[in-house]
Amino acid sequence: MSTQVQAADLLHQLDEVWSSMGKEQSETGGVLRACAMTLIALVEDNSHPIDVGETLAELMHDHPSRAIVIRVSGEGKAPLEARAFAQCWMPFGRRQQICCEQIEIRSTHDSLVNVVPILRGLIVPDLPVVLWVRSPNLIHNPAFASFSDLAQKVIVESKLFGDWKWLNHEIRSLSSQKKITSDLAWTRITRWRELISQVFENSERVDQISTIHTVLIQHSSPEPGPAAQYLGIWLKQIIGKSCNVRFEVAGTTQTWQIQQVELQGDNIHVSIQRTGSSVVDVQVNDLKTCAVFRTLRESDLLREELSIPGEDSQFVKVLGYEPFSQV
Amino acid sequence: MPETNPFQDPLRFERRVPPCAIVIFGANGDLTLRKLLPALYRLAYERRIPPGFAILGNSRTEMSDEQFREKMKEGVEKFLEDSPFDEDLWNSFAQGLFYVAGDITKPECFETIRTRLDEIAQERSTNGNVLFYLSTQPSYYIPVVQGIGNAGLHDNPGWTRIVVEKPFGHDLDSSMELNQAIEKVFDESQVYRIDHYLGKETVQNVLAFRFGNGIFEPLWNRRYVDHVQITAAESIGVGSRGGYYQEAGALRDMIQNHLLQIMATVAMEPPPAFEPDSVRDERAKLLRSIRIMKPEEVAQNAVPGQYGPARIGDEEVLGFRQEKGVDSEAQTDTYAAATFFVENWRWAGVPFYLRSGKRLPKRVTDIAIQFNDAPHSVFADAPVNSRSGRGPNLLILRIQPEEGISLRFRSKQPGAGMQLRPVSMDFNYGSSFGERSPSAYETLLLDVMAGDSTLYTRQDMVEASWKVVQPILNSWAETKFDLPNYDAGTWGPKASDEMLAQRGHVWRVP
C-alpha cells in the first residue's frame, strides 16, 4: 500500500502489472487486456456478506472494466491507501488469459472527498463511467455529489438501505437531474414483470387489461420493500388509476422477497406464486404452468444493469410516482 | 386499451412470442430428439415461451401422450447443453406435449391432427396459432404439405406457418417442384425454410460487424479486398449418414445452402433496415449476382474430393467407400471447393473461394477476407516475417468452434532495425460476452413463433443458389473422377490447391 496516493503512481503500478504478466505468460499464450468501462464501486467495508471483489470477478466475464473499488471505513482525516492489480480468468479450452484492471482505494468517511481528484486521473478515456453505490449510506456523504458527477450512470441497491423512502427521494432527485439512475431493487423484479408481460402476449387478453380491478402483492417482509413498491407502481401506472393495489405480508422472513402477485379482472385471473426456491407457478384462469426463478446473485443484477447504458424509460416513469403510503 | 401488450419492456425482456401449437411431423426422429425439444425446453427455461404453448408430435410409431413425453424427456436430459434439467419445469412443460400416431400419406392422419389441434386450442388457449414443422425425410415433404392442404389445416383462426428443413430439393427442378406444392397451400410469407447456419450468433454478427460500424464498410469492395475464403471443415466422416450422404455430397449438403448463404451475408449490399424482407432482398440480390459457370469453366473452378482411408494418430480411419451403407464405387464428393465471382460493381473480379469437406484435420467454419497489399511498401528492405508470405492484412470472421473476429496486421518487431511481423488483434465472442449464446435452433424457433423471417431463406434465394451450383452438379454427374483423392485427416485434394494457385492464391490453414 502506498501512503501518498496519486493517480500517476497507480497507473504506473498497472503498467508494471501488465509488463510482468506479459513476461510470465508469453510462453503460454499471453494475456488479453479487456476493458469496456470504468466501474467505480463505493463500498463501506464489512457492510455486505459477500466481498465486492467476488462480485466484480463474476462481472468481468460480461463487462470487463477498470474497476475502482473505494472501501470506506472509520471516521476522521486519515491518509488514503491504494493498490493496483489485475483480475484474470482463463476461458475454458483457451490458452490466453483475459485480465481486467482493478484499483482499490481505502478511505475514511471524512477523507472521501480527497478521493475524487484521484479518480479523475484514473478514469479510462472514451469509455463509459458507472458509479455503483454498494453501500447506500454513502449517499449521505457530502462528497457523494462529486462522485456522481464523474459518472454517466449511478446504480444503487435500495434493498440494503433502512430508510427506503428517503433513498427513493434521492434516486428521484438524481433522475430529475438527468442522471441515468437505477436501483437493483427494480432490477430484481424484471422476471416478475417479464412473466406478467408474457401472459398478455396473448392478443385476446390485451383487451382484458382494462378490466383488472385488483392487484395483490404478497411479500415476506413486515413492510413492502422497494421491490414490491416498484412492482405495485409499475402495474398501477399501466393498468390505470382505478385499479386497487394491495400489499399483504406472507411469511415473516426479512428477505424482502415478493412471494406472489395476483391480478384480478372481470374474466381474467392471473397468479404468479413462488412455490420453491427456484420455481414459480403461473396460473392464468384454469391454465397452470411453471417457470424457473434462479437465485439471483448481486452480479446477475449488475450484469443486467450494465447492459443498459442509456436511460431506462420504464424506471423513470415509475420514479415519477410517489411510493404507496397506506398498505 | 392499446392492441399491443402495454407490459412489454423491450429494453429488458427478451422477445416474447404469442401462444401457439407446434405440430412436428417426424416427431420420433433424431432432429426432434436432439435439437428441437432441447431447444424448446431451453426456451421454456429462459421464460421465453408463453403459458399457452403446446407441441403435437406425429410419426408412424404408436405411442400415447405419456410415452411421447417420456421419450422426449430422455432426449432433453441427454442433449440439453449449458443448462440444468429442472424436474418441476419439465413436468409443467410436458403438460403441453401431445402425440398422435398416423401415416402422413393417409388423409385420416390429418383429420386426427385437426381434432387434437382443436382440443389443444381449447385446453391451452393457443388462439388457433399453429406452426407446422417438417422434420420428416425430405421425400415426405410434398405428401405432408398436400395432406395439410386437403384437410384444411392451414386455415386456422390464428396464424399458420410452416418450417421446412433442408434440403429444399436435390436440384433446381426438384426444388421448384417442392415449392409449387408448398405454394398451393401456403403463402410465401407463411413459409420458413430453415438454414441453421443463419441462426448462428456469429453469422448474425457478420451483419452487426458490417453495418453497425463505420470503419469496415468503406474497405468492403474490390478496391481493397483481394479475395475471400469461406471454409466449413468437419473432422468426422459420414458416420451413420452414409446412405443419405452418398446421394447428397458436400456441394449439395453444404455449399448450395450454408456456404452460399454465408457468402451472401458477407457480400450483400447494406439493407435499408434490419427487417426481414429488406435483409432477404439483399441476400437474394447477391445470390442472383453470382456468375453462373459455363460447362467448360467447371473444371477450372470447382473441385470434388473424396476421402480415402488413413491413419490419424492411433486410429485407423475408414475411407468414404468403406463406410457403412456406401457403395464401394461411389462417386460422391465428400469435399467440394468452388470459385465464384459476383457480377456487380462492388465485387467484380474478386474471387470467392468456398470449400467444405469431411474428414479434414479439424472442425472449423470461418470466413477470411484477404485485403490487398499496401500500394507501395516503404519497408521494401524489411522482410515480412511470415511463413506464407501472403498479404499482411487478413480479417477472419470465425463462426465455429471459437466464435470471434481476428484482424491481422503488421507491426514492428521490438529492437533495432525495421523488421516487421504479423500480429493479430482478437475479439472472442464467448469471452467478451460471457452470456451463453442461444443455439441456432433456439434462435430460429423463437423467430418463427414471433413471425420474424430475417434468418430464414426464401424461395427465390433457394432457386438462385441452385442455379449457381447446378452447372457444377451437371458436369460432375457426367465425369468419372479418380476417387478417393485425399487422405482422411488432410486438407483436401491437391486439385483444390491448384484451383487457387492459378490466381496466385493459397488456401489458408484455419
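The values are calculated or read from the model by the stated rules, or taken from the named source; none is laboratory data. Here the structure is a predicted model, which means the values were calculated and not measured. Note that each Cβ is placed from the backbone with ideal geometry, even for glycine, and that neighbours are counted across all protein chains shown. The protein model used for the area step is the full one, side chains on, heavy atoms only, and it has no ligands, DNA or RNA in it. Shrake-Rupley method; radii C 1.70, N 1.55, O 1.52, S 1.80 Å.
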Any idea how many residues of the stretch B:15-27 are open to solvent by less than 10 Å² (accessible area, probe 1.4 Å), within 14 Å of chain A (Cβ to nearest Cβ) and part of a loop (DSSP other than H, G, I, E, B)? 2
Members of the stretch A:283-324 found to be touching a residue at least 40 places away in the same chain (Cβ under 8 Å), more than 12 Å from chain B (Cβ to nearest Cβ) and under 25 Å from residue B:87 (Cβ atoms), listed by number: A:296, A:297
If we keep only residues of the stretch A:200-209 that are over 18 Å from residue B:11 (Cα atoms) and of a type outside the set (S, T, N, Q), then the residue farthest from the other protein chains (Cβ to nearest Cβ) is A:205
For the structure I just gave you, tell me whether residue B:30 is over 21 Å from residue B:130 (Cα atoms), more than 10 Å from every other protein chain (Cβ to nearest Cβ) and surrounded by fewer than 21 Cβ atoms within 10 Å (Cβ to Cβ). yes
Condition check for residue B:42: assigned to a loop (DSSP other than H, G, I, E, B) and either within 14 Å of chain A (Cβ to nearest Cβ) or open to solvent by less than 30 Å² (accessible area, probe 1.4 Å) (or both): no
If residue B:347 satisfies every condition in (1) part of a loop (DSSP other than H, G, I, E, B); (2) over 30 Å from residue B:211 (Cβ atoms); (3) open to solvent by less than 10 Å² (accessible area, probe 1.4 Å) but one, which is the exception? (2)
Of all residues in the stretch B:113-128 being in contact with a Leu (Cβ under 7 Å, 6 or more places away or on another chain) and within 18 Å of residue B:50 (Cα to Cα), which is most open to solvent (accessible area, probe 1.4 Å)? B:125
Among the strands (runs of 3 or more DSSP E) contained in the stretch A:49-142, which hold 1 or more residues that are touching a residue at least 60 places away in the same chain (Cβ under 8 Å) and under 16 Å from residue A:34 (Cα atoms)? A:81-89, A:97-107, A:129-133
Residue pairs qualifying under the 7 Å Cβ cut-off, at least six apart or on distinct chains, with the first in the stretch A:181-199 being touching a residue at least 24 places away in the same chain (Cβ under 8 Å) and within 7 Å of chain B (Cβ to nearest Cβ) and the second being part of a helix (DSSP H, G or I) and open to solvent by less than 10 Å² (accessible area, probe 1.4 Å), are A:193/A:234
Here is a list: B:98, B:110. Which entry is more than 14 Å from chain A (Cβ to nearest Cβ), modelled with pLDDT of 95 or more, within 18 Å of residue B:24 (Cβ to Cβ) and not in a helix (DSSP H, G or I)? B:98
Only one of (1) of a type in the set (Ser, Thr, Tyr); (2) in a helix (DSSP H, G or I); (3) away from chain A (no Cβ under 14 Å) fails for residue B:61. Which number is that? (2)
Residue count, the stretch B:129-146 (criterion: in contact with a Phe, Trp or Tyr (Cβ under 8 Å, 6 or more places away or on another chain) and either in contact (Cβ under 8 Å) with a residue 60 or more places away in the chain or open to solvent by 10 Å² or more (accessible area, probe 1.4 Å) (or both)): 9
Unmet criterion (only one of (1) surrounded by 14 or more Cβ atoms within 10 Å (Cβ to Cβ); (2) away from chain A (no Cβ under 14 Å); (3) not in a helix (DSSP H, G or I)) for residue B:105: (1)
Filtering helices (runs of 4 or more DSSP H) wholly in the stretch B:253-321 for at least 1 residues that are over 29 Å from residue B:491 (Cα atoms) gives B:276-289
Per the filter on the stretch A:217-261, residues open to solvent by 20 Å² or more (accessible area, probe 1.4 Å), assigned to a loop (DSSP other than H, G, I, E, B) and polar (S, T, N, Q) are A:242, A:252, A:253, A:254, A:255, A:257
Filter pass, residue B:449 being over 30 Å from residue A:302 (Cβ atoms), open to solvent by less than 10 Å² (accessible area, probe 1.4 Å), modelled with pLDDT of 90 or more and in contact with a Cys (Cβ under 8 Å, 6 or more places away or on another chain): yes
